[in-house]
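Student: Mind looking over this structure? Questions follow.
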Amino acid sequence: MKDEKQLLNIKNLVVEYRTDGGVIHAVNGFDLSLKKGEALGLVGETGAGKTTVAKAILRILPDPPAKVCSGSIEFEGEDLLRLSEANMHRIRGNKISMIFQDPMTALNPVETIGEQIAEPVRIHNRVSRSEARKRTIEMLEMVGIPGERYSEYPHQFSGGMKQRVIIAMALACNPELLLADEPTTALDVTIQAQVLEMMANLKKDLDTSLILITHDLGIVAEMCEKVAVVYAGEIVESGTADDIFNHTAHPYTEGLFDSLPRINSTARRLRPIKGLMPDPSNLPEGCKFCPRCPYAEEICQKKNPDFTETTPGHFVKCHKRKGDA
Ligand SMILES: Nc1ncnc2c1ncn2[C@@H]1O[C@H](COP(=O)(O)OP(=O)(O)OP(=O)(O)O)[C@@H](O)[C@H]1O
Ligand SMILES: [Mg+2]
């Protein structure tokens, strides 16, 4: 088949949250693909739908209120959305694992750190307790935590160490794909750098594919060869890091860069993008960025632009930039 080399291939994913207050259109036709060993940065403002996509991949969205309305999520050639729960259980935490946005709630306070890592290893790899313990100690040491701390509880660890534990846990079963949702946001800057370096090394050593969800374009530039920019539940621009950083095509991506402080520029003030992301329960008809876009024209209000390939591998969803990038 034509997508044979892809590890993950998401097509036209649509996810809604059906609440008493109305239908929230969180993910609106999302296409994304990733090859083995690749790292993709998923960036965009708060509420854009990033975590929803990651949870949809793992099939851990709360239902209700979440509903996957359409689309497919092919992983190693199989549509995850059509797998039985038993088969999905084998994939979760084993072939695909996730580092959650809020690490502090991801650990069980009454179980030792070691047990929490060893348990999924034992279940997924069907190994003995002592084998699982050995692998856990190896993983702890890999993330820079002495193996002797196996029997300690989460409250005995600092925030940065807890985050390393979460990463060890996510990597213990040697996943093919790691979904890292703001893995360093809760950490201070020095520890952030250490954790990122560690993840980059692991990716290199274990050939793990990575989807890195973040608000931080600097982290993306450092870690990812591909980037997808998300706005109101759609990808508005995707391509290589070079496409996105050096040949920026979408006005929203441009806005994201303009809103960053730049060390080497004195003239440029921090310019946040004007306005807010549209209410996901009441999205505009045409281009969703149109109300905030400095280049908007009449057509932008009326018609949602297609996702168009401007140069090989560089896709943009914009009437104005179509074909002229
Ligand atoms: N359980 C839920 N019930 C109702 N609405 C939800 C639920 N979870 C998320 N949403 C809504 O879905 C939209 C997308 O949320 P999501 O958490 O995917 O955004 P995000 O891009 O991860 O944001 P952030 O950067 O803040 O983590 C938002 O409008 C959010 O309010
Ligand atoms: Mg999120």
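The values are calculated or read from the model by the stated rules, or taken from the named source; none is laboratory data. Keep in mind that this is a model prediction, so the values were computed, not measured. Quick reminder, even Gly has a Cβ in these numbers, built from the backbone with ideal geometry, and neighbours come from all protein chains shown. Calculation scope for accessible area: heavy atoms of the full protein, side chains included, ligands and nucleic acids excluded. Shrake-Rupley method; radii C 1.70, N 1.55, O 1.52, S 1.80 Å.
Student: Per-residue accessible area for THR214 at 1.4 Å probe radius, Å² rounded to 10?
Tutor: 10 Å²
Student: Compute the accessible area per residue over the stretch 1-108, keeping the other protein chains in place, probe 1.4 Å, unit Å².
Tutor: 47 Å²
Student: Out of residues 5 or more away from GLY29 or on other chains, whose amide H comes under 5 Å of its own, with H placed 1.01 Å from N in the peptide plane?
Tutor: Amide H to amide H, under 5 Å and 5 or more residues apart or across chains, GLY29 pairs with LEU13, VAL14, VAL15.
Student: Using a 1.4 angstrom probe on the protein heavy atoms only, line up ARG122, ARG164 by accessible area, largest first. Walk me through the intermediate numbers first.
Tutor: Details: ARG122 75, ARG164 35 Å².
Per-residue accessible area, sorted high to low, gives ARG122, ARG164.
Student: Against the empirical 2.2 N^0.38 Å scaling, what ratio does the C-alpha Rg of the stretch 1-142 come to? List each step's numbers first, then the result.
Tutor: Details: Rg = 17.2 Å, N = 142, 2.2 N^0.38 = 14.5 Å.
Ratio of Cα Rg to 2.2 N^0.38 Å: 1.19.
Student: Next up: Which semi-axes, in whole Å and largest first, does the equivalent ellipsoid of the stretch 276-325 have when worked out from the alpha carbon gyration tensor as the square roots of 5 times its eigenvalues?
Tutor: 21, 12, 9
Student: Please list the non-local residues whose amide H lies under 5 Å from the amide H of GLU38, H modeled 1.01 Å from N, same-chain partners needing a gap of 5 or more.
Tutor: Long-range HN contacts for GLU38: LEU210.
Student: Right, something else. Among LYS203/LYS303; LYS162/LYS317; LYS203/LYS274; LYS274/LYS302, which pairs are too far apart, with a Cα-Cα distance over 31 Å?
Tutor: LYS203/LYS303; LYS162/LYS317; LYS203/LYS274
Student: Can you pull the percent of the stretch 22-132's accessible area that's carbon plus sulfur, 1.4 Å probe, other chains left in place?
Tutor: 51 percent
Student: I'd like the FRET efficiency for ARG126 and SER158, computed as 1/(1 + (r/R0)^6) with the beta carbon distance as r and R0 of 30 Å, rounded to 0.05.
Tutor: 0.35
Student: Right, next: Take the chain, drop everything but the C-alpha atoms, weight them equally and run the Debye formula without solvent; then report log10 I(q)/I(0) at 0.07, 0.10, 0.13 Å⁻¹ to two decimals.
Tutor: The Debye formula, applied to the Cα set alone, gives -0.30, -0.61, -1.01.
Student: Report the convex hull volume per residue for the stretch 96-154, counting only C-alpha atoms, in Å³.
Tutor: Here the figure is 90 Å³ per residue.
Student: Shifting gears a bit: Charges on Cβ only, +1 for Lys and Arg, -1 for Asp and Glu, centred on the Cα centroid of the stretch 7-137; of ILE99, GLN116, LEU13, which one is farthest towards the dipole's positive end?
Tutor: The listed residue farthest towards the positive side: GLN116.
Student: What percentages make up the Cα-Cα pair-distance distribution of the stretch 58-174 when the bins are 10 Å wide from 0?
Tutor: For the stretch 58-174, the pair-distance distribution reads 13, 40, 29, 16, 2.
Student: Right, next: Expressed as an acute angle from 0 to 90° and rounded to the nearest 10, what is the orientation of the C-alpha long axis of helix 189-206 relative to the principal long axis of the chain?
Tutor: 80 degrees
Student: So which residue, out of PRO312, PRO291, PRO154, gets the largest mean-square fluctuation from a GNM of the chain using Cα contacts under 10 Å as springs?
Tutor: PRO312
Student: Still on this structure, please answer the following. Got a number for carbon plus sulfur as a percent of the stretch 148-218's accessible area, 1.4 Å probe?
Tutor: 49 percent
Student: Could you state the accessible area per residue of the stretch 140-187 in Å², with a 1.4 Å probe and every protein chain left in place? Don't jump to the answer; show the numbers that get you there.
Tutor: Details: 1610 Å² over 48 residues.
That works out to 34 Å² per residue.
Student: Could you tell me whether the stretch 106-215 comes out rounded, prolate or oblate from its Cα gyration tensor? Rule is a ≥ b ≥ c as square roots of the eigenvalues, rounded for a/c under 1.5, then prolate if a/b exceeds b/c, otherwise oblate.
Tutor: oblate
Student: In addition: Using only alpha carbon pairs under 8 Å that are at least six residues apart, calculate the relative contact order of the chain and give it in whole percent.
Tutor: For the chain, the relative contact order is 19 percent.
Student: Calculate one ³J(HN,Hα) per residue across the stretch 92-98 by plugging θ = phi - 60° into the Karplus curve 6.51 cos²θ - 1.76 cosθ + 1.60, and present them in order as whole Hz with x for glycine and proline.
Tutor: Per residue, the Karplus-derived 3J(HN,Hα) values read 5, x, 10, 7, 10, 10, 10 Hz.
Student: Another question about this same structure. Give me a comma-separated list of calculated 3J(HN,Hα) values for the stretch 77-91, in order, Karplus coefficients 6.51, -1.76, 1.60 applied at θ = phi - 60°, integers in Hz, x for any Gly or Pro.
Tutor: Each residue of the stretch 77-91 in turn: x, 10, 7, 4, 5, 9, 6, 5, 4, 5, 5, 5, 4, 6, 7 Hz.
Student: Hey, in the GNM for the chain with a 10 angstrom Cα cutoff, which one of ALA86, ALA26, ALA54 fluctuates hardest?
Tutor: For the chain, modelled as a Gaussian network with Cα springs under 10 Å, the answer is ALA86.
Student: Read phi for every residue in the stretch 239-256 and hand back ³J(HN,Hα) as whole Hz from Karplus 6.51 cos²θ - 1.76 cosθ + 1.60, θ = phi - 60°, with x for Gly and Pro.
Tutor: Coupling constants for the stretch 239-256: x, 6, 4, 5, 4, 6, 7, 9, 10, 3, 10, 8, x, 5, 4, 3, x, 4 Hz.
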